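J.: Mind having a look at this structure? Questions to follow.
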Amino acid sequence: MAVDNHQIVVPSLLDVRKGNLANLGRMLARHQFSKVVLFFGTGLIEMLGDKVLDAMKQAGIEVLEQKEVGDIDIDHVVDEAFQLPAQTEAVVGIGGGKALDAAKYTALLRKWPFISVPTSTSNDGFSSSNTSLTIHGRRISVHAKMPYGIVIDVDVIRNAPECFIYSGVGDLVSKITAAEDWIFEEQNGVTRVDDCALMLSKKAVNSFVRTDFGTIRDDLFIKELVDSLTMAGISMEIAGSSAPTSGSEHLISHALDTYGSKPQLHGIQVGVASYLMSKVQDHRYERITKVLQDTGFFTFAKSAGMTIADFDMAIDRAPEMKPMRCTYLHRAEYRDRAHHILHEDPILQDILL
């Protein structure tokens with residue numbers, strides 16, 4: 001009997017609290033780092049640079065180089081990575097997707113620890129080993145490495161544009177439909193579910209959806225969102241794949257990105273697709289509906305201008321996004337059901353053009 005045991009890597013440094021940028025240097029020093037390079041998102045050196053550099057100086061951390069990330073073409077990232085000082089001990093990414101992706105892939109290439117300091121939580125990428133880089137003009141998912149550390153300032157996340165918070169909400173509820181797709185695949189003999197990864201992914205989303213909150217900028221809401229997205233990212237590392245957090249709803253989003261007339265933030269597309277797929281799967285759609293209504297997600301999604309025609313297209317093209325998988329949308333009868341729900345469901349009729 002074949003037994004599939006694989007080593008997993010989880011963050012050694014994990015700290016989420018208010019005002020945490022001021023503590024960043026002290027945390028790095030505690031983990032024996034003394035020389036680092038900093039990757040900032042566009043515009044963030046001006047916005048956060050002084051605070052970060054002051055935190056490093058106070059802790060005796062030497063910043064060997066700092067840069068703003070704009071170009072995430074894989075050839076450019078590789079070229080830049082091998083121009084960094086050899087005495088670097090860690091790569092710190094501060095920002096959104098591009099800065100973290102470039103820093104994460106650089107850390108992989110140079111075999112340095114990666115410290116993730118997200119300034120928004122539009123998806124679970126800040127806590128996973130996956131990156132999204134440009135290859136021959138297309139954004140492609142590339143496996144890199146898990147963060148050695150994740151440091152999150154709740155104040156910074158709370159003050160991010162609401163689109164990024166809503167995107168994080170959409171990405172998080174997608175774990176409900178993704179888990180159901182994964183179980184469906186095992187039932188059809190395509191894969192084997194990793195019970196530990198599935199449990200962690202489910203716990204991540206359940207903790208969040210049961211949180212009482214006033215607004216999406218409440219400290220408790222932000223902390224629960226961040227903690228849950230972090231657990232979701234770790235569940236992928238345990239599984240050795242994105243299956244516990246990415247199912248048919250993500251395939252719809254990938255198709256919208258590739259072929260849609262007006263692609264939106266990943267989590268916004270995924271959130272709407274998760275609502276649709278929860279109806280297709282007949283699984284926990286009441287819970288997903290409540291969360292997306294209570295947070296104001298549906299209202300925000302309505303303003304994005306997504307269309308029924310694009311979703312019709314994305315449903316049909318979803319299987320070709322990952323042909324080796326066997327989600328609900330890989331079966332014609334469930335694609336037919338998805339089309340029917342798309343055109344009959346009152347919420348989808350309201351938020352899509």
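J.: Only one residue in Leu38, Leu108 is over 14 Å from Gly25 (Cα atoms), among the aliphatic types (A, V, I, L, M) and outside the structural domain of Ile234 (by TED's automatic domain parsing), so which one is that?
T.: Leu108
J.: Any residue that is in contact with a strand residue (DSSP E or B) (Cβ under 8 Å, 6 or more places away or on another chain), on the phi < 0 side of the Ramachandran plot and not charged (D, E, K, R) - is there at least one of those in the stretch 163-171?
T.: No, the conditions are met nowhere in the stretch 163-171.
J.: Still on this structure, please answer the following. Looking at the stretch 311-353, which of the residues that are among the hydrophobic types (A, V, I, L, M, F, W, C) and out of contact with any Leu (no Cβ under 9 Å at 6 or more places or on another chain) is nearest to Phe297 (Cα to Cα)?
T.: Top of the filtered list is Ile351.
J.: Could you list all residues from the stretch 121-144 that are assigned to a loop (DSSP other than H, G, I, E, B) and in contact with a Pro (Cβ under 9 Å, 6 or more places away or on another chain)?
T.: Within the stretch 121-144, Ser128, Ser129 qualify.
J.: From the residues in the stretch 32-57 that are part of a loop (DSSP other than H, G, I, E, B) and over 23 Å from the mean Cα position of the chain (by Cα), which one is surrounded by the most Cβ atoms within 10 Å (Cβ to Cβ)?
T.: Of everything passing the filter in the stretch 32-57, Phe33 is surrounded by the most Cβ atoms within 10 Å (Cβ to Cβ).
J.: Could you please find all residues in the stretch 321-353 being without any contact (Cβ under 8 Å) to a residue 24 or more places away in the chain and either acidic (Asp, Glu) or touching a Ser or Thr at 6+ places or on another chain (Cβ under 7 Å) (or both)?
T.: Glu333, Asp336, Glu344, listed by residue number.
J.: Right, something else. Can you tell me which residue is farthest from the chain's Cα centre (by Cα) among those in the stretch 78-120 that are of a type in the set (S, T, N, Q) and part of a loop (DSSP other than H, G, I, E, B)?
T.: Applying the filter and picking the extreme gives Gln87.
J.: Now a separate question. Restricting attention to the stretch 153-203, and to residues there that are hydroxyl-bearing (Ser, Thr, Tyr) and within 23 Å of Phe300 (Cα to Cα), which single residue is surrounded by the most Cβ atoms within 10 Å (Cβ to Cβ)?
T.: Ser174
J.: Name every residue in the stretch 269-318 that is in contact (Cβ under 8 Å) with a residue 12 or more places away in the chain, of a type outside the set (Gly, Ala, Ser) and closer than 16 Å to Glu180 by Cα, in order of residue number.
T.: The answer is Val270, Tyr275, Leu276, Met277, Lys279, Val280, Gln281, His283, Arg284, Arg287, Ile288.
J.: Take the stretch 249-268 and flag every residue that is within 16 Å of the chain's Cα centre (by Cα) and among the polar types (S, T, N, Q).
T.: Ser253, Gln264
J.: Which fully enclosed helices (runs of 4 or more DSSP H) of the stretch 148-228 have 3 or more residues being charged (D, E, K, R) and either farther than 22 Å from Tyr275 by Cβ or assigned by TED's automatic domain parsing to the domain that holds Met277 (or both)?
T.: Those helices (runs of 4 or more DSSP H) span 162-187, 195-209.
J.: Just checking, does the stretch 108-129 include any residue being surrounded by 24 or more Cβ atoms within 10 Å (Cβ to Cβ), β-branched (Val, Ile, Thr) and more than 21 Å from Ala232 (Cα to Cα)?
T.: Taking every residue of the stretch 108-129 in turn, none turns out to be surrounded by 24 or more Cβ atoms within 10 Å (Cβ to Cβ), β-branched (Val, Ile, Thr) and more than 21 Å from Ala232 (Cα to Cα).
J.: Please specify each residue of the stretch 230-263 satisfying the condition of being among the charged types (D, E, K, R) and free of Cβ contacts under 8 Å to residues at least 60 places away in the same chain.
T.: If the condition is that a residue be among the charged types (D, E, K, R) and free of Cβ contacts under 8 Å to residues at least 60 places away in the same chain, then Lys262 is the only one that fits.
J.: Give the residue that is nearest to Gly95 (Cα to Cα), with candidates limited to residues of the stretch 58-77 that are touching a strand residue (DSSP E or B) at 6+ places or on another chain (Cβ under 7 Å) and in a helix (DSSP H, G or I).
T.: Across the stretch 58-77, the extreme among qualifying residues is Val77.
J.: Out of Glu286, Glu333, Glu249, which single residue is acidic (Asp, Glu), more than 27 Å from Arg217 (Cβ to Cβ) and in the same structural domain as Glu180 (by TED's automatic domain parsing)?
T.: None of the others qualify; the one that does is Glu333.
J.: Out of Asp294, Asp310, report the one residue that is surrounded by fewer than 15 Cβ atoms within 10 Å (Cβ to Cβ) and of a type in the set (Asp, Glu).
T.: Answer to the check: Asp294.
J.: Considering the stretch 134-143 alone, what residues qualify as being under 14 Å from the mean Cα position of the chain (by Cα) and modelled with pLDDT of 85 or more?
T.: The answer is Val142, His143.
J.: For the stretch 192-212, which positions are without any contact (Cβ under 8 Å) to a residue 24 or more places away in the chain and in contact with a Leu (Cβ under 9 Å, 6 or more places away or on another chain)?
T.: Across the stretch 192-212, the qualifying residues are Thr211, Asp212.
The values are calculated or read from the model by the stated rules, or taken from the named source; none is laboratory data. In this text the structure is predicted, and so the values were computed from the model without any measurement. Here the Cβ is made from the backbone with ideal geometry for all residues, glycine too, and neighbour counts use every protein chain on show.
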